[in-house]
Amino acid sequence: MARAIRQISKTVPNVQEEQDQAIASIMREVAENQEAIMKTLGILKGLHEMKALEAVHALLEQRTEVGAIAIQQINQPGMHNIIKNAMGAVGFLGALQPGQLNTLLDAVGSGLKRLSNTGENGEKQSIWALSRRLRSPESRAAMTSMLGLLEGMGEVFLQNKEQKKG
């Protein structure tokens, strides 16, 4: 027959053993993640050379005052509109297809180049020259696109007008 266990001995490591185990664990992690740690140190060195760490440190030391100033600025009446407009702009950009936006931005960039060239030359054109330019395929494509934009805007304006009435 087996004897009953009457005493359980639990070994409690002392403080020095716990510290040694913790140091060994940290050293294992450092050895396993050497590349990531070296890159992180490089980033920190760059931030230190730029004096960015000093700025962050000063900001943290004065966080109460900085927070109070930030809250005062956010509570300005115009700031609420800025935040709402920014949220609306982000929503608008999220609704666009990336290809559509790229095409539109490329077209605007090209138009601005032509505008600056025309402005630099300062050439005046006759009515006949302008009418000839209006018949060009590029001008017709731009006008067709702009009319589509105007029609789309008009649809939304009319829908909003109907919603306000109803």
Short version: ³J(HN,Hα) in whole Hz for each residue of the range 62-72, in order, from phi by Karplus 6.51 cos²θ - 1.76 cosθ + 1.60 (θ = phi - 60°), x for Gly and Pro, what are they?
9, 4, 5, 5, 5, x, 5, 5, 4, 5, 4
Carbon and sulfur %, accessible surface of the chain computed with the full protein complex present, 1.4 Å
62
Taking the inverse of the average 1/r across all pairs of different Cα atoms in the chain, what Kirkwood radius in Å do you get?
25.8
What accessible area per residue comes out for the chain, rounded to a whole number of Å², with a 1.4 Å probe?
94
Give the lysines whose C-alpha is closer than 23 Å to that of Lys51, dropping any in the same chain fewer than 8 places away, or say none.
Lys39
Multiply the residue separation of His57 and Asp106 by 0.36 nm, subtract the distance between their alpha-carbon atoms, and state the gained length in nm to one decimal.
13.4 nm
For the range 85-99 and the range 5-22, distance of Cα centres in Å
60
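Count charges around Ile69 for me, please; just the other residues with Cβ under 15 Å from its Cβ, Lys/Arg as +1, Asp/Glu as -1.
My count for the surroundings of Ile69 gives -1.
So if R0 is 30 Å, what FRET efficiency would Asn81 and Asn160 give, r being the distance between their Cβ atoms, rounded to the nearest 0.05?
So, using R0 = 30 Å, E works out to roughly 0.95.
The values are calculated or read from the model by the stated rules, or taken from the named source; none is laboratory data. Everything numeric here is computed off the predicted structure, so don't read it as measured data. We place every Cβ from the backbone using ideal geometry, glycine too, and count neighbours over all the protein chains shown. Each accessible area value is taken on the protein alone, full model and side chains, heavy atoms only, with ligands, DNA and RNA left out. Shrake-Rupley method; radii C 1.70, N 1.55, O 1.52, S 1.80 Å.
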